[in-house]
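Engineer: Before we start, here is the structure in question, set down as structure tokens.
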Amino acid sequence: AQSVTQLDSQVPVFEEAPVELRCNYSSSVSVYLFWYVQYPNQGLQLLLKYLSGSTLVKGINGFEAEFNKSQTSFHLRKPSVHISDTAEYFCAVRPFKAAGNKLTFGGGTRVLVKP
Amino acid sequence: DSGVTQTPKHLITATGQRVTLRCSPRSGDLSVYWYQQSLDQGLQFLIQYYNGEERAKGNILERFSAQQFPDLHSELNLSSLELGDSALYFCASSASNTEAFFGQGTRLTVV
């Protein structure tokens, strides 16, 4: 079984400041890792994913994340946020091999960007 | 636009009733997943279908059922509805193990 913990439920940040959203996971098997964003009244949109290779992954909208296997973490960062980045962000994992390919999500982190 | 279409967008119904949520996956995607998003439980996996067959089951109540039809669209049936079933229900589809695309969701309100 897998579990995902997002350490901050809410993160207020000023426009043009950097932001880091923390994600830790637990799994007895190897997993793929994902970050999704949910804008108000919208569905989930994939920001980035880690499958293999370089541990620094770049995604859309200037976001990047770093996979740390020893710390079982996959923290998301953006060097300079915009008002439009106000949204809820979800970290998720999926086992390499499983009967189903279900995603296990963290509880989400609400980012509020202030002018 | 993810290419995954869910209908209806909003649904208000009374306790004890039955509703059907519909999902059309992206063209060519054989896998369909259903998730429930609620304030107290967060995003929970309900069930997955692959090319018409049930592939995996999560925390889906016995009052809930789903199916995937030959044209690959899927329906989630929720019966004997309770107030606690009020939530956002997402459908996702994928063609591979590595990425799932989500619809806009159906917001169900049980009154």
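The values are calculated or read from the model by the stated rules, or taken from the named source; none is laboratory data. On a predicted model such as this, the values are computed, not experimentally measured, just so you know. Cβ: placed from backbone, ideal geometry, glycine included. Neighbour counts: every protein chain shown. When the accessible area is computed, the model is the full protein with side chains, heavy atoms only, and any ligands, DNA or RNA have been set aside. Shrake-Rupley method; radii C 1.70, N 1.55, O 1.52, S 1.80 Å.
Engineer: Enumerate the amide H contacts of residue B:105 below 5 Å, restricted to partners 5 or more residues apart or on another chain; note that Pro and chain-start residues carry no placed amide H.
Structural biologist: Amide H neighbours of residue B:105: B:6, B:91.
Engineer: With a Förster radius of 25 Å, plug the Cβ-Cβ distance of residue A:114 and residue A:60 into 1/(1 + (r/R0)^6) and report the FRET value to the nearest 0.05.
Structural biologist: That gives a FRET efficiency of 0.65.
Engineer: Please give the per residue accessible area of chain A, computed with a probe of 1.4 Å over protein heavy atoms only, in Å².
Structural biologist: For chain A, the per-residue accessible area is 49 Å².
Engineer: Ignoring ligands, DNA and RNA, what percent of the accessible area of segment B:51-92 is carbon or sulfur (1.4 Å)?
Structural biologist: It is 42 percent, rounded to a whole number.
Engineer: Provide the buried accessible surface between chains A and B in square angstrom, both chains summed, 1.4 Å probe, rounded to the nearest 100.
Structural biologist: Rounded to the nearest hundred, the buried surface is 1700 Å².
Engineer: If you don't mind, there's one more thing I want to ask. Please list 3J(HN,Hα) in residue order for segment A:35-49, calculated via the Karplus relation 6.51 cos²θ - 1.76 cosθ + 1.60 where θ = phi - 60°; whole Hz, with x for glycine and proline.
Structural biologist: Karplus values, whole Hz, x for Gly and Pro: 10, 10, 10, 10, 6, x, 6, 10, x, 8, 10, 6, 8, 6, 8.
Engineer: Most fluctuating residue of A:90, A:74, A:63 in a GNM of chain A with Cα springs under 10 Å: which is it?
Structural biologist: Result for chain A, Cα springs under 10 Å: A:63 fluctuates most.
Engineer: Nearest 20 debye, what's the magnitude of the dipole of the protein assembly as shown about its Cα centre given +1 on Lys and Arg Cβ and -1 on Asp and Glu Cβ?
Structural biologist: It works out to roughly 240 debye.
Engineer: While we're here: Which whole number gives the average count of other chain Cβ atoms within 10 Å of the Cβ atoms across peptide A:33-46?
Structural biologist: 4
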